[in-house]
Amino acid sequence: MTSLRKLGSSDLQVFPLALGGNVFGWTADEAQSFAVLDAYAAAGGNFIDTADVYSAWVPGNEGGESETIIGKWLAARGNRSDIVVATKVGSHPAYKGLSATTIKAAAEESLRRLGTDHIDLYYTHYDDETVPVEEIISALDRLVKDGKVRAIAASNISPERLQASLDFSEREGLARYVALQPHYNLVSRDTYEGELQETAARAGLAAVPYFALASGFLTGKYRPGVSVESARAEKAGRHLESERGQNVLAALDRVAKERDAEIATVALAWLAAQPTVAAPIASARTVEQVPALVDVAGLQLTEQELAELTGASA
């Protein structure tokens, strides 16, 4: 049994790799999604990350497809109490922004699609600076008091707004953010390291980074002259053009060879070892992609290996 990690100051205990639900209902249909979820749970995984907007960008979709698939899977497997379900509010085409009325209505829709009476971890997906933090936190606190949400978190937020939110929660004795979901990986360190990470560390927040594998670049399948069939190929391929991207791939190759591990596993292990990080998020479209993700639970890099990777990504 893999040791679970405590998520910030909450009572949630999570597997050290969160399974990203962004592909469910997009590049993975319902049957593929069920197979991936089964494989993840069989490996001891218990932390699933989705959002109400997944996958509204697909022609013919309206948002909520991922939550619906996860809800059907939870019902079919009868394992709701074993799974920590995280979803997000603020980006669904019909529920944009973070006004109190939007948060309340969007939460009800997410609960309905997930087929559950509570969301374990509820994120604000993108901060909405047109709404005072007092209104956002008060609306989230109401969901917690009503038993509809167990813990609250933020994603894509400035250090200033994050601190203001935490201060308001403390002052008023309201629900307080326990986690933060930043864009963070070996080739994208600048958005999180620095003030945001320091704010999270001071407040005891757990970081759950998204794009942990840089849209697939850090799996090692993107190489000069190699064409990859993926909906995210263009985004991932851009990293090949940078010196940082090339240096990181070379360092990952060396460490992965030494440790007889997949490149993706090593990239996730570097992230999991960073200050404040509780569980990186990565998604799998097929069952074959799952082992490299969940294996991060058993791979602890040495100080020397971490230093080599950190140096390569500087």
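Odds and ends about this structure:
- Among residues of the stretch 223-244, those that are under 15 Å from Leu186 (Cβ atoms) and within 22 Å of the chain's Cα centre (by Cα), counted: 3
- The listed residues are Ala201, Ala251, and the only one of them that is surrounded by 14 or more Cβ atoms within 10 Å (Cβ to Cβ) and over 19 Å from Ala51 (Cβ atoms) turns out to be Ala251.
- Answer residue from the stretch 256-277, given it is assigned to a helix (DSSP H, G or I) and in contact with a Ser or Thr (Cβ under 9 Å, 6 or more places away or on another chain) and is surrounded by the most Cβ atoms within 10 Å (Cβ to Cβ) among those: Ala267
- Restricting Ala43, Ala28 to residues that are within 20 Å of the chain's Cα centre (by Cα) and surrounded by fewer than 22 Cβ atoms within 10 Å (Cβ to Cβ) narrows the list to Ala43.
- Flag: Ala35 matches the condition of being open to solvent by 10 Å² or more (accessible area, probe 1.4 Å), under 24 Å from Gly298 (Cα atoms) and in contact with a helix residue (DSSP H, G or I) (Cβ under 9 Å, 6 or more places away or on another chain).
- Ser3 vs. criteria part of a helix (DSSP H, G or I) and either within 26 Å of Ala154 (Cα to Cα) or at pLDDT below 95 (or both): no
- Residues (open to solvent by less than 10 Å² (accessible area, probe 1.4 Å) and hydrophobic (A, V, I, L, M, F, W, C)) located in the stretch 104-130: Ala106, Ala107, Leu114, Ile119, Leu121
- All positions within the stretch 103-135 that are under 21 Å from the mean Cα position of the chain (by Cα) and either among the aliphatic types (A, V, I, L, M) or modelled with pLDDT under 95 (or both): Ile103, Ala106, Ala107, Leu111, Leu114, Ile119, Leu121
- Look at (1) exposed (fewer than 15 other Cβ atoms within 10 Å of the Cβ); (2) closer than 27 Å to Phe15 by Cα; (3) modelled with pLDDT under 95 and you find that Val226 fails only one, number (2).
- Residue satisfying condition, being touching a strand residue (DSSP E or B) at 6+ places or on another chain (Cβ under 6 Å) and over 22 Å from Val36 (Cβ atoms), within set Thr302, Thr276, Thr310: Thr276
- Matching residues, the stretch 207-229, being small (Gly, Ala, Ser), touching a residue at least 60 places away in the same chain (Cβ under 8 Å) and in contact with a Ser or Thr (Cβ under 8 Å, 6 or more places away or on another chain): Ala207
- Selection from the stretch 64-96 of residues that are surrounded by fewer than 16 Cβ atoms within 10 Å (Cβ to Cβ) and of a type outside the set (D, E, K, R): Ala75, Ala76, Gly78, Asn79, Ser81, Pro93, Ala94
- Just one of the numbered conditions (1) closer than 24 Å to Arg254 by Cα; (2) surrounded by fewer than 16 Cβ atoms within 10 Å (Cβ to Cβ); (3) aliphatic (A, V, I, L, M) is not true of Leu213: (2).
- Candidates Gly25, Gly71: the one that is of a type outside the set (A, V, I, L, M, F, W, C), in contact (Cβ under 8 Å) with a residue 12 or more places away in the chain and touching an Asp or Glu at 6+ places or on another chain (Cβ under 6 Å) is Gly25.
- Checking Ala56 against (1) buried (at least 22 other Cβ atoms within 10 Å of the Cβ); (2) touching an Asp or Glu at 6+ places or on another chain (Cβ under 7 Å), the condition it does not meet: (1)
- Counted as qualifying within the stretch 20-137 are the helices (runs of 4 or more DSSP H) with 3 or more residues that are closer than 30 Å to Pro159 by Cβ, namely 100-114.
- Residues of the stretch 278-308 that turn out to be more than 23 Å from Gly204 (Cα to Cα), open to solvent by 60 Å² or more (accessible area, probe 1.4 Å) and part of a loop (DSSP other than H, G, I, E, B), as a count: 2
- Selection count, the stretch 145-196, where residues are open to solvent by less than 30 Å² (accessible area, probe 1.4 Å) and under 19 Å from Ser10 (Cβ atoms): 19
The values are calculated or read from the model by the stated rules, or taken from the named source; none is laboratory data. What you see is a predicted model; the values in this text were computed from it and never measured. Using ideal geometry, Cβ is built from the backbone for each residue, glycine included, and neighbour counts are taken over all protein chains shown. All accessible areas refer to the heavy atoms of the entire protein, side chains included, with ligands and DNA or RNA removed. Shrake-Rupley method; radii C 1.70, N 1.55, O 1.52, S 1.80 Å.
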